[in-house]
Amino acid sequence: MLKNFTNKILIIFIIFSLNSAYAQTPEEFIKEVTSKASSILKQNIEKNQKSQQLISLAKDSVDINGIGMYTLGKYKKIISEEQLREYTVLFNQYFLKSFSSRLSEYSDPKINVISQKYLNEKYTIVSSILVADDKRPEIKIDWRVYTKNPKNPLIRDLIIEGLSLARTQREEFNSVINGADGEVEVLFQTLRNFNKN
Amino acid sequence: MKKFVFILITYLALITNCFADTDGNIEMSKKTNGETKDCFEGLNRGVFAFNQALDQIIIEPVAKGYRLLPSAFRKGTSNALNNISLVVTIPNNVLQGDIGLAGKNSARFVVNSTIGILGIFDPASKIGLNDYEKEDWGQTLATWGVGEGCYLVLPVLGPSTLRDASASLINYSGGNAWYNITVDEDTRYFSDFDYYASRGLTGVDFRAKNIESFNNLEQNSIDFYASVKSLYLQDRKKRILNSDEIIDTMDDSDWEEIETN
């Protein structure tokens with residue numbers, strides 16, 4: 001009886017210890033992601049290989065579906081389930097393509113993670129600095145980290161010098177839809193074209 | 001006098017927020033949900049395309065050439081241009097009620113113009129007069145509660161709003177000491193060329209610092225015009241609020257309803 005009880009306590013202790021070991025603060029999470037991204041970009045390999053590795057990193061660390069929903073703005077409430085499913089697929093392809101293309105331009109970025117600011121149980125903003133080089137000045141980058149599941153934090157936005165990429169993306173998408181008198185299909189076609197090229 | 005009347009009329013129009021829409025109807029501003037109305041979108045897109053062509057043919061190549069110059073030279077140029085901009089920032093600090101900052105920026109101007117040799121060097125930052133943020137007449141009007149009006153794209157100068165574009169006219173009516181001593185007054189030391197060269201260099205310096213970012217944004221945009229518009233308006237909001245805090249400049253409620261795990 002006592003042995004059983006001791007075993008149960010031991011198992012609970014091990015599970016608790018394991019959970020603690022894997023639960024990262026948002027700041028640690030961003031440090032890990034930026035360090036991985038930097039290692040990928042530093043490698044002397046083909047651009048295509050770099051892109052594949054960056055895509056894999058993005059799939060693990062970015063809430064692509066969440067960003068997709070945010071980006072759709074008011075239209076997410078008025079499109080059909082089927083359209084939403086199609087949009088999710090198209091947005092994932094679009095996001096990963098543009099993400100890897102944007103990042104692969106940097107050869108050896110040095111990002112110093114500075115601090116984190118807790119907003120609420122769902123969000124923490126992590127602040128960092130992209131160190132200046134010969135071509136560009138120092139850039140302040142804030143990361144909106146979605147922490148609803150603290151054991152699996154995910155990036156939802158990059159705020160560069162106070163400018164939100166997710167918001168820019170949303171306004172861009174909404175501009176395409178508004179320009180087509182609210183026809184979401186036009187956005188889908190634009191995304192298909194982008195993903196194909 | 002004509003200039004003054006024009007500016008006055010523009011301000012009155014801004015304050016009452018009445019503008020002619022693209023279809024010619026006068027109506028109240030359609031500013032909704034914190035979004036800036038793009039009343040002249042067709043015209044704006046045309047001017048934007050013109051600016052892009054101009055950028056491709058002239059500005060980007062010049063910016064690329066400028067970047068080949070030694071970084072110490074570029075840094076000195078950037079410092080001197082920042083120093084000149086203080087003559088507009090300081091009166092705007094005062095008009096925004098930020099007297100302490102006006103004093104700090106005045107001290108910065110004196111130190112850098114003298115010890116820093118016409119602003120080429122920045123000794124002021126080394127003695128605690130750092131974190132300089134430019135202020136302009138549009139920002140002052142915004143802090144006074146004047147609405148931004150519709151979004152505008154100006155030929156050569158790029159994105160703006162009706163408020164900011166009309167406020168910039170103050171620079172040519174006595175509100176910019178650098179303009180006054182170069183273009184407006186016939187002084188022995190400066191000429192019109194100095195003013196226009198400084199304006200041109202400011203543009204080239206900015207473009208040179210953002211070559212990759214601009215190209216990257218353009219390549220990955222499905223509507224480049226909308227991306228630039230969004231970035232410009234976000235940047236203006238940040239500058240008007242004088243805040244680096246994300247929670248001050250962004251509406252978090254949009255994110256709250258997005259649930260994925």
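Laboratory data are not the source of any read-out in this text; all were calculated from the coordinates shown. Everything quoted here is computed from the prediction, not taken from an experiment. All Cβ positions, even for glycine, are placed from backbone atoms using ideal geometry, and neighbour counts span all protein chains on display.
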With Cα atoms, 0 to 90° folded angle of helix A:81-103 axis to chain A main axis | 80
Fraction of antiparallel bridges per DSSP, chain A only, in percent to nearest 5 = 95
Report the local net charge at B:Gly138: Lys and Arg +1, Asp and Glu -1, summed over other residues whose C-beta lies under 15 Å from its C-beta.
-> 0
Among A:Glu32, A:Glu46, A:Glu121, which one moves the most in a GNM of chain A with springs linking Cα atoms closer than 10 Å?
-> A:Glu46
Compute the acute angle (0 to 90°) between the alpha-carbon long axis of helix A:26-42 and the principal axis of greatest extent of the alpha-carbon atoms of chain A; round to the nearest 10°.
-> 60
Between rounded, prolate and oblate, where does region A:24-196 land on the alpha carbon gyration tensor, with a ≥ b ≥ c its root eigenvalues, rounded for a/c under 1.5, else prolate if a/b exceeds b/c?
-> prolate
Enumerate the calculated ³J(HN,Hα) couplings along region A:110-124 in order (Karplus 6.51 cos²θ - 1.76 cosθ + 1.60, θ = phi - 60°), each rounded to whole Hz, writing x wherever the residue is Gly or Pro.
-> 10, 10, 9, 7, 9, 7, 9, 10, 6, 8, 7, 5, 9, 9, 10
Taking Cα atoms, the helix A:2-22 axis meets the longest principal axis of chain A at an angle in degrees (rounded to 10) of 30
If you find the alpha carbon centre of region B:29-93 and of region A:37-91, how far apart are they in angstrom?
-> 31
